[in-house]
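The values are calculated or read from the model by the stated rules, or taken from the named source; none is laboratory data. Values in this document were obtained by computation on a predicted structure and should not be read as measured data. Glycine gets a Cβ as well: all are built from the backbone with ideal geometry, and neighbour counts include every protein chain shown. Just so you know, the surface numbers come from the protein's heavy atoms only, side chains and all, with ligands and any DNA or RNA stripped out. Shrake-Rupley method; radii C 1.70, N 1.55, O 1.52, S 1.80 Å.
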Amino acid sequence: MARILVIEDEPDLQDLLRYNLQKDGHLVTVAGTGNDGLYELRRQPFDLVLLDLMLPDRDGLEVCRIIRADEALQAVPIIMVTAKGEESDIVVGLGLGADDYITKPFRIKELLARVRVRVSRHLDAMRDAERKRIQVGDLVIDPVRHRVLIEGQVVPLTLTEFKLLHFLASHPGIAYGRYDLLDRIGDGESVVTDRTIDVHIRNLRKKLGKYDKLVETVRGVGYRFSEMA
Ligand code: CA
């Protein structure tokens, strides 16, 4: 299941896209303006953006440029939705880093197929990132052995603490909400609520000692891994 942000101002298209993407198994958020779209993107992570180019405030190309220039957002795949006869916009958009485009009027089946391709590539890339060993200074996060070392010494983390740290560290600079983290690390066995995430993070920070600032609190959002600490 992927999280998809639809940035589109036409209500009929919003409904059509929401309905069909949901039916295809995705979680859909709709934003009616470029600014609302950017707001949603900064609030929670998405696996794909469907970006209309003709928007009432910022044009879609500008939104695309802002996303690609923002370190925390730039990995998200973008499919542009353009009107017929906007070939020059398509060229510019692909040059700005959009991954694909589809021209209105489109067949919904074709759109869903393209979304599926982009989403599955993106999720594969995310999983690859999560399999890699992560090192910051003399802190090592080893996903194969499920352990964390500081100066060569094993840090005794619980499985939940390890999963939290490893997930955040695999996506540095990106803020994740508590429910989002629950969703990503949940093993379906232990009952974890959004408040217990705070407790796990507090314990994790204590165990990280001099590296406690790697896990940052992002006010109003949740937590993020910062390599700057
Ligand atoms: Ca439009």
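Identify, please: which residue in the stretch 36-71 is within 16 Å of the ligand (Cβ to nearest atom) and loosely packed, with under 15 Cβ neighbours inside 10 Å and is, among those, modelled with the highest pLDDT? The residue in question is P56. Looking across the stretch 212-229, the residues that are hydroxyl-bearing (S, T, Y) and surrounded by fewer than 19 Cβ atoms within 10 Å (Cβ to Cβ) come down to T217, S226. For the stretch 77-112, the set of residues classified as touching a residue at least 60 places away in the same chain (Cβ under 8 Å) and more than 16 Å from the ligand (Cβ to nearest atom) consists of I108, L112, listed by residue number. Contact map, the stretch 1-29: residues that are of a type outside the set (S, T, N, Q) paired with residues that are open to solvent by 80 Å² or more (accessible area, probe 1.4 Å) and within 14 Å of the ligand (Cβ to nearest atom), Cβ distance under 6 Å, separation 6+ or inter-chain. Pairs shown: D9/P56. Would you check if there is a residue in the stretch 71-78 being closer than 21 Å to L13 by Cα and in the same structural domain as Q22 (by TED's automatic domain parsing)? So far as the stretch 71-78 goes, yes, one or more of its residues are closer than 21 Å to L13 by Cα and in the same structural domain as Q22 (by TED's automatic domain parsing). Just so you know, in the stretch 1-35 the residues that are away from the ligand (no atom under 16 Å from the Cβ) and under 21 Å from L53 (Cβ atoms) include one that is surrounded by the fewest Cβ atoms within 10 Å (Cβ to Cβ), and it is N20.
All told, F162 meets the bar of being within 29 Å of D198 (Cα to Cα) and either free of Cβ contacts under 8 Å to residues at least 40 places away in the same chain or among the hydroxyl-bearing types (S, T, Y) (or both).
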